[in-house]
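Contents: one structure, followed by commentary.
The values are calculated or read from the model by the stated rules, or taken from the named source; none is laboratory data. On a predicted model such as this, the values are computed, not experimentally measured, just so you know. Cβ coordinates were reconstructed from backbone atoms using ideal geometry, including for glycine residues, and neighbour counts include every protein chain displayed. These area figures cover heavy atoms from the full protein model, side chains too; ligands, DNA and RNA do not enter into them. Shrake-Rupley method; radii C 1.70, N 1.55, O 1.52, S 1.80 Å.
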Amino acid sequence: MDCLYTDRKDRSILFWKSLPISDAKTVLSKLLVGMVLIPLVYFVAADVTALITAFILSIRARASIGSALWQPGVWGQIQILWMYVIVTTAVWYLPVAGWLLLVSAWAKRAVILWSILPPLVLYLIERVFFVRG
């Protein structure tokens, strides 16, 4: 939420400005890390944990449960489904991440307040004027 604000605050923005890359590439790299790379790392960690758990359970249970846990077709389908979920979630939350990056670059201080209060005020105005009930 405050990645660009922190760069300005601790003056590491000067380091980023000295590199031969544009500001757009810097912001897109921060967006890519937050929206795609971190969820993929969590996905790999969860997948390895699930495989180890299924392996241990199959050894311990031996018969019916063990053969049910090691189905490569089902495992492959789940992997494809999780990749789909990661990509669609990243696209779905792109406006929120864009708003947070915009506020992070714009706000002089109190980044959390500036990122939460305007949408909250819009929600309350909509609630007061448009929701009857």
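Residues that are closer than 24 Å to Leu28 by Cβ, hydrophobic (A, V, I, L, M, F, W, C) and open to solvent by less than 100 Å² (accessible area, probe 1.4 Å) within segment 106-115 comprise Ala107, Val111, listed in sequence order. Restricting the first member to segment 79-90 and to residues that are surrounded by 10 or more Cβ atoms within 10 Å (Cβ to Cβ), and the second to residues that are of a type in the set (Val, Ile, Thr), the beta-carbon pairs closer than 6 Å and six or more apart or on different chains are Ala90/Val36. The criterion of at least 1 residues that are aromatic (Phe, Trp, Tyr) and modelled with pLDDT under 85 is met, among helices (runs of 4 or more DSSP H) falling completely within segment 1-48, by 3-9, 13-18.
On the stretch given as segment 95-105, residues that are open to solvent by 60 Å² or more (accessible area, probe 1.4 Å) and touching a residue at least 60 places away in the same chain (Cβ under 8 Å) total 0. For segment 116-128, the criterion of being assigned to a helix (DSSP H, G or I), open to solvent by 80 Å² or more (accessible area, probe 1.4 Å) and at pLDDT below 85 is satisfied by no residue at all. Would you confirm, using the coordinates I've provided, whether Leu31 is under 30 Å from Lys9 (Cβ atoms) and over 12 Å from the mean Cα position of the chain (by Cα)? Taking the combined requirement at face value, the residue does not satisfy it. Per this entry, Ala105 is counted among residues that are within 20 Å of Gly34 (Cα to Cα) and small (Gly, Ala, Ser).
Scoring Lys108 on the criteria (1) in contact (Cβ under 8 Å) with a residue 24 or more places away in the chain; (2) in a loop (DSSP other than H, G, I, E, B); (3) not small (Gly, Ala, Ser) leaves a single failure, condition (1).
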